[in-house]
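In what follows, a structure is listed as structure tokens, so that the remarks can point back to it.
The values are calculated or read from the model by the stated rules, or taken from the named source; none is laboratory data. Every value quoted in this text rests on a predicted model; they were computed, and no experiment measured them. Cβ: placed from backbone, ideal geometry, glycine included. Neighbour counts: every protein chain shown. Only protein heavy atoms, including side chains, enter the accessible area calculation; ligands, DNA and RNA are left aside. Shrake-Rupley method; radii C 1.70, N 1.55, O 1.52, S 1.80 Å.
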Amino acid sequence: MDDVVGDWPRRRRMPELTSLDAPTQAVVAAAVDRLRDSVDEWTSRFLRLVREHVPGYDQLADDDIRGSARTLVEGEISELESMRIPDDALREQLEAFALKRVAQGISIDTLSLSYHLGSREMLALMDEIAVEVAMPTDLLLAIHDSTWEFANEAAAVFARVQHGLLVEQARFDAERRSAFARGVLSGTASSEQIQRDAALFGLDARRPYVAVAARATTPARAEELRRLLAVATRTPPDRLLVADVDGSWGCISPSAPEGVGEALVAIGPPLKLEELDRGFDEAVEALETAERFGMAGAVRLADLGPRPLVLPESRAADLLSERHLSALAAEGRMGDELRETVRVYLECDQRAADAARLLTVHANTVRYRVNRFRELTGLDLRRTEDIVTTWWLLNRGA
């Protein structure tokens, strides 16, 4: 009754070799010798088992399976010879074995199954040998308990290996996503690289995306921004393409984020990936301007009026000129006429008749050109901020 707890047998511990009497030690030695003589037999039995019950091993050669099985069983025989519980050396051997098999494309579940099948076959062989050498029943049961205990521990070793590989894969994936985002947002990635790698990250190089800029001075703040944008763009956090670009936290987003609350997030214009570095430059300029004026929420450079122009060493004039006046350049001579007409119109305090006299055209021509200027540039001279922005852009460098 001492060996029973409730309805379950109590697990037996492996005894110390030195605690055994001389006849039992001789039995153990005989069993070990018999096991060593049976290694080839056991590896063949194990090979037949995995070929029949573990289809995941189909890709492995027979010699590979036999070799690994022999290494593991010889380690266990050495443990039995000294009546030791398997030590760290065998655990390290199992970990190396698991890494090798995973690299060969074998799943951890398949590996665990094969190990349990091997343990079962090992104990079946041990039972046969125990009869031959007249091993005491209690000692045989202790060997059974120890073997299954370590088989369960082996499963835990395999699980740790799997977890480590998943963590490493996630880290590698995050680093690769960050490198791609940095290359696109900084303009250092070539068109060929972008076209080649976009699909790896679920992007369509033919459609426009939005560059987002924010400030993340700590890892905690970066993680907070990641969660915020994940919600705002309906993108899983681990799928966001984010990177630190020259001190600014940047993100490639499928759409402009909505509902960012009081967080300051700057948004560039929709552009294709190959042009998105320009959009990120514009977003950074908007971010720096908004910070200077204590603003919050989602901001765009086009919504900030002339505010960026007051910043020292601001790039806003070039960005605003490209954004608003590039359409005029595409009009050729007509674009030049529109620029000059609007410049004179502002100099005349928006009096069309006075501007018409200076330009020697009809007042209606001035009004038409002012309206056409608004259509092409998006700058409405009925708005004070647009008046200031237009005056600055038309007169800068003059």
request  = First compute the accessible area of region 76-178 with a 1.4 Å probe, then give the percent of it belonging to carbon and sulfur atoms.
outcome  = 57 percent
ask   = Amide H to amide H under 5 Å from residue 216: which residues, 5+ apart in sequence or cross-chain, H placed 1.01 Å off N in plane?
value = 249
query = For the pair residue 326 and residue 153, how long in nm is the line joining their label points, each one 7 Å along Cα→Cβ?
reply = 6.6 nm
inquiry  = With a cut-off of 8 Å between alpha carbons and a minimum separation of six or more residues, what is the relative contact order of the chain in percent?
reply    = 11 percent
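Carbon and sulfur atoms: what percent of the 1.4 Å accessible area of region 179-332 do they account for? Working shown, then result.
On the way: 3580 of 7280 Å².
C and S fraction of accessible area: 49 percent.
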inquiry  = For the chain, what does the accessible surface come to per residue with a 1.4 Å probe? Please give it in Å².
reply    = 53 Å²
remark   = Expected sort for 39-51, 262-274 on mean C-beta neighbours within 10 Å, highest first, is 262-274, 39-51
remark   = Taking Cα atoms only, helix 88-103 is inclined relative to the longest principal axis of the chain by an angle, in degrees rounded to 10, of 50 degrees
request  = Take the Cβ-Cβ distance between residue 371 and residue 175 as r, set R0 to 56 Å, and report the resulting FRET efficiency rounded to the nearest 0.05.
outcome  = 0.60
query = Mind listing the phi-derived Karplus ³J(HN,Hα) values for region 335-341, rounded to whole Hz, using 6.51, -1.76 and 1.60 with θ = phi - 60°, and x for any glycine or proline?
reply = x, 4, 5, 5, 4, 5, 4
query = Taking Cα atoms, how many degrees apart are the long axis of helix 22-37 and the longest axis of the chain, rounded to 10 and kept between 0 and 90?
reply = 60 degrees
ask   = Against the longest principal axis of the chain, how steep is helix 39-53, in degrees 0 to 90 to the nearest 10, with axes from Cα atoms?
value = 50 degrees
